[in-house]
């Protein structure tokens, strides 16, 4: 199972934070109290990178990744996933698929 972000990102862009909710097989939120979160991504032909994410609303299974602008160094087809764990249990999100396009010109410092 995967989810596709329909709008392509652009090299150098810093989008709004990405949020994801972990749900169990019946569609109920997984309580993530006491869990840590990570966000991993890779361009189809590149190496994977892992970043710190935040468990923002543990009781509804919500995690958030705040983009820094360093994630989109090259254009391409990307795959990402959230990971959460508490030392006993570890869960991965569905695949998150998105494209990154080349910018029209230099990325402005704004």
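The values are calculated or read from the model by the stated rules, or taken from the named source; none is laboratory data. Treat the numbers as computed from the prediction; the structure is a model and nothing was measured. So basically every Cβ, Gly included, is an ideal-geometry build from the backbone, and we count neighbours across all protein chains shown.
For region 24-49, filtered to residues that are part of a loop (DSSP other than H, G, I, E, B) and in contact (Cβ under 8 Å) with a residue 40 or more places away in the chain, the residue that is surrounded by the most Cβ atoms within 10 Å (Cβ to Cβ) is 32.
Note on region 57-68: residues that are closer than 14 Å to residue 85 by Cα and either in contact with a strand residue (DSSP E or B) (Cβ under 8 Å, 6 or more places away or on another chain) or assigned to a strand (DSSP E or B) (or both) total 3. Contact annotation: residue pairs with Cβ atoms under 6 Å, 6 or more positions apart or on different chains, pairing a residue in region 85-100 that is closer than 17 Å to residue 48 by Cβ with a partner that is loosely packed, with under 15 Cβ neighbours inside 10 Å, are 94/1; 94/2; 94/3; 95/2; 96/3; 97/2; 97/4; 98/5. Look at (1) in a loop (DSSP other than H, G, I, E, B); (2) surrounded by 12 or more Cβ atoms within 10 Å (Cβ to Cβ) and you find that residue 7 fails only one, number (2).
Flag: residue 84 matches the condition of being more than 28 Å from residue 110 (Cα to Cα), under 15 Å from the mean Cα position of the chain (by Cα), at pLDDT 95 or above and surrounded by 14 or more Cβ atoms within 10 Å (Cβ to Cβ).
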